[in-house]
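Student: Take this structure first; my questions come after.
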Amino acid sequence: MVELITQSSFTEIAALLVLAAIMGFIGLLLKQPLIVSFIAVGLISGPSVLDIVQSKEQIQLLSELGIAVLLFLVGIKLDVKLIRSIGSVSIMTGLGQVAFTSIVGYFIGLAIGLDHITSLYVAVALTFSSTIIIVKLLSDKREIDALHGKIALGFLIVQDLVVVVAMIVLATIGIGSGHANGANTAIWQVATAGAGLLLFVILFVRYIANPLTQQLAKTPELLVIYAIAQAAFFAAIGNIIGLGMEVGGLLAGVALASTPYRESIASRLASLRDFLLLFFFIALGATLDLSLLGTHISAALLFSLFVLIGNPLIVMGIMGTMGYRNRTGFLAGLTVAQISEFSLIFITMGISLGHLQHDILGLVTLVGIVTITASTYMITYSHQLYAFFKPLIGIFERSGAPREQTTEHPVGSAYPVVIFGLGRLGTEIAIRLQQKNIRVLGLDFNPAAIKHWQYLGLETEYGDITDAEFIAQLPLKHTQWLVSTIPQHHAGLSSEDTRKTIIQLTRSAGFSGKLATVSQNSIETEELKMLGIDLVLDPFQDAADRATELLLQGLAHQPLQSQPS
């Protein structure tokens, strides 16, 4: 059967895509990201299992194009304005995590018998976290706009900058890896060519990027084709002049990072990136001998524990020192408890330069499988993990947590209505209640929503209703209605569990008033009533009822139309 598949390159690619779809579905059932499934496809299709990868040149070509597109998307997000906006906490914590992981990882490598160069490569590889995984999981949990979500996105930007520096350093080291005289000549040649490429990028950004993309954007498909062409072209130029295709791909993205269409380009290329990355992992698996990976199991487990435990701890330590609450530091720290696809690309570059033995790629691959798999569940069930570890992590929080001081409610403060969820519905309800001289307190974990409410002159406080500690300090004694206007999506927890959490935490905090929440359909309404919700708000039904009422009023004032004879 395997021989039949490998007789044709097209049949071989088709078999690999079918295998990827099957493994992706299994990963979906196990709540794992595609990267884990792609790594599994690479290992299964490799020589140690099915051995169906025979068209190595074609797959390698797709793999290299995938790397160019991936690094292009990294470069296109490195806008100077965005870098300035990430804040001191993201910069300090991101750099602290990178430094801590690199230094400690290096000494761990030496302790288990790796040489200095290998230890350094592995340590740096362990500093990269997966943007794809973190953004996807936080988005699914609706925490991308929460304080810890914004800080985590800042980490990713800092790590992307480290990726850029690491790739350039590797390219420079690669230039000088030959004989002394030839190396000196090559360095000057590449330095000159590299300076010319960099000057071209600067001029391109200054005079060409905006008007060019503005014209191309009139045909979105052409804009996407051009972006792919630029990624491939710059990668090829980088490879020709000696900087490497990785640096070329990064510069291609940087050249378009300041354009107003960068988000559109990035979103349209995301699926292509994922598709092409599949072939990177297939090419990776085709070079790995699973029988040799057993020699690295103990080292892989040690490095994995270091990433899973050490990275969150250093993030918590730095954020605690800067005045953030334990809960924010814990939730943000869990997001960096894995390595990424960049780690494997970084090690692959080291192998191509002759600095590393090929078996080190197997070691880092094992670390990737373990940390990505484990951290996915850690992020998904982050709130439960925080509740479990809360008694053990008190040392990380400064007294008073000055960066997240909650509002001091005066003695006797009374809020007849407390609203959780400061979106459009919650805001409109609060405005109308305030117009009726009813005092309202709004709660949300989105700093932008908090700022908007404060601009409107509404009383508000940052917090998460699933945090028992936060609920306990709220002035709920005289509250008559607690209203949740957040739609109940399946975000890590089931919707029923979320509603039960709201009921349990508020009741245990002494809330004796009534509960109201939104519903999306009649079936959900009945479930909510069974859970003890006093008032179910259905925005769509309520709006339809009001619209029908207004229409009927209008019809009542219209003269009856004469019937046709």
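Derivation of every value follows stated rules applied to the coordinates shown; laboratory data play no part. As the structure is a computational prediction, the values presented were derived from the model and not from experiment. Glycine gets a Cβ as well: all are built from the backbone with ideal geometry, and neighbour counts include every protein chain shown.
Student: R0 = 51 Å: FRET efficiency of Tyr377 with Leu551, Cβ-based, nearest 0.05?
Tutor: Efficiency for this residue pair is about 0.50.
Student: Could you tell me whether segment 220-355 comes out rounded, prolate or oblate from its Cα gyration tensor? Rule is a ≥ b ≥ c as square roots of the eigenvalues, rounded for a/c under 1.5, then prolate if a/b exceeds b/c, otherwise oblate.
Tutor: It comes out oblate by the Cα gyration axes.
Student: Still on this structure: Please compute the length gained on full extension between Thr11 and Leu212, using 0.36 nm multiplied by the number of residues separating them and subtracting their Cα-Cα distance. Before the final figure, lay out each step's value.
Tutor: Values: separation 201, 0.36 × 201 = 72.36 nm, distance 4.00 nm.
Between Thr11 and Leu212, full extension yields an extra 68.4 nm.
Student: Segment 219-321: which chymotrypsin sites (Phe, Trp or Tyr not before Pro) are DSSP loop and have at most 16 other beta-carbon atoms within 10 angstrom?
Tutor: Passing sites in segment 219-321 do not exist.
Student: Something else: Please work out how much length the chain gains when fully extended from Gln520 to Thr192, using 0.36 nm per residue of separation minus the C-alpha to C-alpha distance, in nm with one decimal.
Tutor: Going from the current span to full extension adds 111.9 nm.
Student: Quick check on the exposure proxy: order Asp160, Asp444, Asp274, Asp542 from fewest to most C-beta atoms within 10 angstrom.
Tutor: Lowest count first: Asp542, Asp274, Asp160, Asp444.
Student: Using the number of other C-beta atoms within 10 angstrom as an exposure proxy, rank Thr335, Thr517, Thr485 with the fewest first.
Tutor: Going from sparsest to densest Cβ surroundings: Thr485, Thr517, Thr335.
Student: Moving to a separate point now. Please label the shape of segment 2-396 as rounded, prolate or oblate, based on the square roots a ≥ b ≥ c of the eigenvalues of the alpha-carbon gyration tensor (a/c under 1.5 means rounded; beyond that, a/b larger than b/c means prolate, else oblate).
Tutor: Rounded, since a/c falls under 1.5.
Student: Right, here's the next one. Using Cβ counts within 10 Å as a stand-in for footprinting exposure, how do Arg206, Arg325 rank, fewest first?
Tutor: Result, fewest neighbours first: Arg206, Arg325.
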